[in-house]
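Worksheet for the structure shown next.
Each reported figure results from applying straightforward, stated rules to the coordinates on display, with no laboratory input. Predicted model only: the values in this text are computed from it and were never measured. Don't worry about glycine lacking a Cβ; one is built from the backbone with ideal geometry, like all the others, and counts go over all protein chains shown.
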Amino acid sequence: MAVMTRWLDPDEQRTWRAFLTASRALMETLDRELQRDAGIPHAYYEILVRLSEAPGRQLRMSDLAEASGSSRSRLSHAVSRLESAGWVRREDCPTDRRGQVARLTDAGHATLAAAAPGHVEGVRRHLFDPLSPAQVDQLRRISEALVDHLRET
């Protein structure tokens, strides 16, 4: 039995395209600004943030991959680059001989602290300033609903 495709109507198509374009433009802008101002891509910034927020400024590599929304192989490559910069150190996991943890170094923490004010200003300028408080609330609720749905699937 053939399944009927539920095509998007014109309003849904316009909404989808606007969401896609806005999401890409926002992330590209924030990435470009982080590269220009701090010399790091947004993906690396996200890794440094996740480590800075973790107990002991360290996470198992598998947990860090999940938290940063990255594949394990992509994360491993990124952590190698961050190690070369002296911002992260990889260590054997004390509770699992097969696992490793990534630990944020003092130099990595200083890099993050220097990059954060400009990045936060960019997020504020490009995401929050153009929206009303009601739109910010709607965006949060919509985003949470999408995350909840996607985690279920």
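Summary table below
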{"item": "Pairs with Cβ under 8 Å, 6+ apart, first in segment 76-91 and over 11 Å from ARG103 (Cα atoms), second surrounded by 15 or more Cβ atoms within 10 Å (Cβ to Cβ) and among the acidic types (Asp, Glu)", "result": "none"}
{"item": "Any hit, segment 8-29, residues being in contact with a helix residue (DSSP H, G or I) (Cβ under 9 Å, 6 or more places away or on another chain), in contact (Cβ under 8 Å) with a residue 40 or more places away in the chain, under 30 Å from GLN138 (Cβ atoms) and hydrophobic (A, V, I, L, M, F, W, C)", "result": "yes"}
{"item": "Among the candidates ARG81, ARG97, residue that is over 18 Å from PRO41 (Cβ atoms) and either in contact with a strand residue (DSSP E or B) (Cβ under 9 Å, 6 or more places away or on another chain) or of a type outside the set (A, V, I, L, M, F, W, C) (or both)", "result": "ARG97"}
{"item": "Residue in segment 21-30 that is under 24 Å from SER76 (Cβ atoms) and either of a type in the set (Asp, Glu) or in a helix (DSSP H, G or I) (or both) present", "result": "yes"}
{"item": "Tally, over segment 56-78, of residues that are small (Gly, Ala, Ser) and within 13 Å of GLU46 (Cα to Cα)", "result": "6"}
{"item": "Segment 32-61: number of residues that are in contact with a strand residue (DSSP E or B) (Cβ under 9 Å, 6 or more places away or on another chain) and over 15 Å from ALA116 (Cβ atoms)", "result": "6"}
{"item": "Segment 130-149, residues that are surrounded by 11 or more Cβ atoms within 10 Å (Cβ to Cβ) and charged (D, E, K, R)", "result": "ASP137"}
{"item": "Residues that are more than 14 Å from the chain's Cα centre (by Cα), on the phi < 0 side of the Ramachandran plot and basic (Lys, Arg), drawn from segment 17-72", "result": "ARG17, ARG32, ARG36, ARG60, ARG72"}
